[in-house]
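S.K.: If you scroll down you'll find the structure; I have some questions about it.
The values are calculated or read from the model by the stated rules, or taken from the named source; none is laboratory data. No experiment lies behind these values; they were computed from the predicted model shown. When we count neighbours, we look across all protein chains shown, and the Cβ atoms used for this are built from the backbone with ideal geometry, even at glycine. When the accessible area is computed, the model is the full protein with side chains, heavy atoms only, and any ligands, DNA or RNA have been set aside. Shrake-Rupley method; radii C 1.70, N 1.55, O 1.52, S 1.80 Å.
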Amino acid sequence: MNKIRNRNLRKTLTTLCCLLVIGLPGYGQKLPKKDEILQQLRLANNYFMEKWPDAGKTIITNKERPANIWTRAVYYEGLMALYTIDADKRYHNYATQWGEKHQWAPARDLFTRNADNQCCGQTYIDLYRLDKQAIQIKAIKDNIDAMVNSDQVNDWDWIDAIQMAMPIFVKLGVTYNEPKYFDKMYALYAYTKYKEGGNGLYNPEDKLWWRDKDFVPPYKEPNGEDCYWARGNGWVIAALVRVLDELPKSDAHYQEYLTDLTNMLAALAPLQRKDGFWNVSLHDPTHFGGKEATGTALFTYGMAWAINKGLVDKKVYLPIVTKAWKALSKESLHKNGFLGYVQGTGKEPKDGQPVTYTSKPDFEDYGLGCFLLAGTEVYRLIIH
């Protein structure tokens, strides 16, 4: 009964948020000028490029890993987004060096169905579109073609995978004008949404996603609520943005993706903290509660993109985005370009802790990628 009451209350609060958000304290602030946003993005990116001049250098934390794993691939997603508003040849060269040093192959194995290891293909395809070098796209296309030509659809059994691989399918479909990639993409997405873990990882009541089968009910957070991890839901937001940005509107499932995105954004709006961030646990702010930059950046990315595309009410979402960007650029971004409040790798609120202004996550790259994706879309808000 308490759970039902909580959900009804949350629905009411969501509606009130959409109606009253522009009247709340702190929501009268404005976005900075576009030049200031660009300088913030450059500062954060230069910090990383100077720290990692060799794009092929392996990553060593608790063990040694190749430099084209998912964490680094997310950074390059952000870098390629930055390149669209700041056409610095260094960015193109840095991304090209990264691809060349990994022979334009997926991470770890030449053939893989693992979304984490395929994520680098997003940037490979982006570079192929610019340079038209067949080697840039061959290996990732071979991997995805193998998936398209099989009946298996249960590969994405954790929601992070949706962001890591789903955009690759839409990019290949658009690049080759071949709908089979769109069809397979939906089959994989639908399995994760409706079937994985029993009844799917998406909760249509709360409009949010459980990270994987380990977190579907009866699993509960300490306060009795379902566990919705911020960054995991952020990955889904990013995936839907990147798919909708390219998918033809004539596709049979375009509207479903759009509805999922806008429903998620509406569910996230009232969960924003007063300081502009979101907690790592979206429905339990007492479970490792506090500022967290990666989920916040991904939500900002989705909301800013949706505003730019005219898909949501600007009067409702612009104040939320403005407050979030102020939090990211003023409280997370250090003067030297380092990003604070980045939760380390994991799959739930307790992982990658502590999350503080000065704490260093086990990997610095994916947090920067999220920041660059968000900042690029916020920049576009200024120039519209």
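S.K.: Please calculate how many Å² of accessible area the stretch 258-384 carries per residue, with a 1.4 Å probe and no DNA, RNA or ligand atoms counted.
M.R.: Per-residue value: 32 Å².
S.K.: Further, regarding this structure: Charges on Cβ only, +1 for Lys and Arg, -1 for Asp and Glu, centred on the Cα centroid of the stretch 198-309; of C227, V280, G200, which one is farthest towards the dipole's positive end?
M.R.: V280
S.K.: How far is the Cα center of the stretch 310-384 from the Cα center of the stretch 203-227, in Å?
M.R.: So the two Cα centres are separated by 24 Å.
S.K.: How big is the shadow of the Cα convex hull of the stretch 226-307, averaged over all directions, in nm²?
M.R.: Result: a mean projected hull area of 5.4 nm².
S.K.: Compare the peptides 295-301, 254-260, 354-360 by average per-residue count of other Cβ atoms within 10 angstrom and give them in order, highest first.
M.R.: Those peptides, ordered most packed to least, come out 295-301, 254-260, 354-360.
S.K.: Tell me what the chain gives for mean residue ellipticity at 222 nm when only DSSP H runs of n ≥ 4 count, each as -39,500 (n - 2.57), the sum divided by the residue total, rounded to 500 deg cm²/dmol.
M.R.: So the helix-based figure for the chain works out to -17500 deg cm²/dmol.
S.K.: Sticking with this one: Would you kindly compute the Cα radius of gyration of the stretch 39-180 and its largest Cα-Cα separation (Dmax), both in Å?
M.R.: According to the Cα coordinates of the stretch 39-180, Rg and Dmax are 15.0, 47 Å.
S.K.: Ok, one more. Would you mind checking K274/K315; K193/K350; K274/K335; K184/K347; K57/K138; K33/K314 for any pair whose Cα atoms are more than 20 angstrom apart?
M.R.: K193/K350; K274/K335; K184/K347; K57/K138
S.K.: Taking each pair of distinct Cα atoms in the stretch 152-265 once, what is the resulting Kirkwood hydrodynamic radius in Å?
M.R.: 14.3
S.K.: Which value in Å is the Kirkwood Rh of the chain over different Cα pairs?
M.R.: After inverting the mean inverse Cα-Cα distance, the result is 20.8 Å.
S.K.: While we're looking at this one, here's another question. Over all distinct Cα pairs, what is the inverse of the mean 1/r for the stretch 255-384, reported as the Kirkwood hydrodynamic radius in Å?
M.R.: Evaluated on the stretch 255-384, it is 14.8 Å.
S.K.: Okay, next question. Placing unit charges on C-beta atoms (Lys and Arg positive, Asp and Glu negative, everything else neutral), compute the dipole magnitude of the chain about its Cα centre in debye, rounded to 20.
M.R.: Here the size comes out at about 980 debye.
S.K.: Leaving out ligands, DNA and RNA, and with a 1.4 Å probe, what % of the accessible surface on the stretch 120-228 is carbon or sulfur?
M.R.: For the stretch 120-228, the apolar C and S fraction of the accessible surface comes to 49 percent.
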